[in-house]
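Right, one structure below, let's go through it.
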Amino acid sequence: MSSVISAFTNSTPVLSTGKSASLGIAILSLAFIIGFPGNAFVIWTILTRMKKRTVTCLLILHLAIADVLVILTAPFFLHLLSTGSWTFGNIICKMCHYISGLSMYASIFLITFMSMDRFLAVAKPFTSQKVRTKPIVRGIVALIWLLASLLAITMFFYRTVIPINDRPQCIPFHKSPNHMVFQYIFETVTGFVIPFTIIVFCYIYIGLRLRTAKFQTKQKTSRLVIMIIVIFALFWLPYQVVNMLQVSGQLFSPTLTKAAIRARPNAIALAFLSSSANPILYVFAGGNFIKSAGVGFMAKLFEGTASETSSFRKISQVFRQRSHTESVELDKCLEQAEQSKTMLCNQTD
């Protein structure tokens, strides 16, 4: 066991001290101070102020729940950074990182579902109306949480408490290089590459479809959803890049491994800070409603999601009606041409 530990702690980021620890404490404290009350306010608004909850509104609710879950682990990591040791045992170590993985997967899958919901409203408006029922949406959200909980299980296997310099540390632990390569590739592919490929495809299709529309949709909610996606990508992309750097270092160059180890603490801090970003975004997006609605300004903002999706459907139906009309006119033209040809042939005879 000691030989395994010595082999793999050398490639594992160990807790930093001094300025790095102070920066970590500042970031985690900021995330907790802003993120916990902010996301709690979002949850309170949707549960108590929203009479009709749209699909987007329901997904924003679960995004806030996912953010609150990961923020609740902040006190454990703040204690670790301030004392330099993990004193909560192996189970809490695994649980904290499992919750972080659960939050990551749940958030990206919820955002992906938001994009697919808009795609369906434009591509298949009648199917969208049938699917957009509360039982179906709640079932899909439950499946998202179930899938996220299963994919995050790797954290249980690859986190443990190991004494380093006589201090217990909650760190990544891999029995072989292949395990490390598997974990980081698995995280990046399932938690970033596949979801964002789907998201990009959905919005490229929507953009191309709406470009030729003759009337505009309400853009505020669309911009809000796009900003949620962009912020999530910006905060989590460095973490995924570090994952791939460490895999590349293991497969090709030890220099890349060292660079990944140095960058990982900051990348994790950015990812953690993402949990407090959405409430700030909602405040800026709904700022115009603060004077008129007071604490209910977020409810006013979220109420726009219903009319926006309805507009998407109307645009798609216009396209379908236009296509149907053009098809009917073409059939008439072909029929008239055929009749003219028949009459000409009769006259010739």
**Complete:** Descending packing, highest mean Cβ count within 10 Å first, for 160-166, 94-100 is 94-100, 160-166
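At a 10 angstrom cut-off on C-beta neighbours, averaged per residue, how do the peptides 242-252, 173-183 rank from highest to lowest? All intermediate terms of the calculation are to be shown ahead of the outcome.
Details: 242-252: 19.0, 173-183: 15.9.
Highest to lowest by the protection proxy: 242-252, 173-183.
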**Asked** Nearest 0.05, what FRET efficiency do L251 and L47 give at R0 = 51 Å with Cβ-Cβ as r?
**Response** 0.60
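Given a 1.4 Å probe and heavy atoms of the protein chains only, how would you sort I231, I111, largest accessible area at the top?
Numbers: I231 30, I111 5 Å².
Of I231, I111, the descending order of accessible area is I231, I111.
Ranked highest first by the average count of other Cβ atoms within 10 Å around their residues, in what order do 42-54, 131-143, 265-277, 69-81 fall?
Going from most to least packed, we get 265-277, 69-81, 42-54, 131-143.
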**Message:** Using the basic label-point model (7 angstrom from Cα toward the beta carbon), what is the D166 to F186 distance in nanometres?
**Reply:** 3.7 nm
**Prompt:** L69 to V200: extension gain in nm, 0.36 nm per residue of separation minus the Cα-Cα distance?
**Reply:** 44.4 nm
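Per residue, what accessible area does region 9-167 have, given a 1.4 Å probe and all protein chains present, in Å²?
Details: 7340 Å² over 159 residues.
Normalised by residue count, the accessible surface of region 9-167 is 46 Å².
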**Asked** Between A26 and K175, what length in nm is gained on full extension when 0.36 nm per residue of separation is reduced by their alpha carbon distance?
**Response** 50.3 nm
**Message:** Counting only protein heavy atoms and a 1.4 Å probe, tell me what percentage of region 232-282's accessible area is made up of carbon and sulfur.
**Reply:** 74 percent
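The values are calculated or read from the model by the stated rules, or taken from the named source; none is laboratory data. This one's a predicted model, so the numbers in the text were calculated from it and none came from an experiment. Heads up, the Cβs are rebuilt from the backbone with ideal geometry, glycines too, and the neighbour counts pull from every protein chain shown. Areas reflect the complete protein model, heavy atoms only, side chains present, ligands, DNA and RNA absent. Shrake-Rupley method; radii C 1.70, N 1.55, O 1.52, S 1.80 Å.
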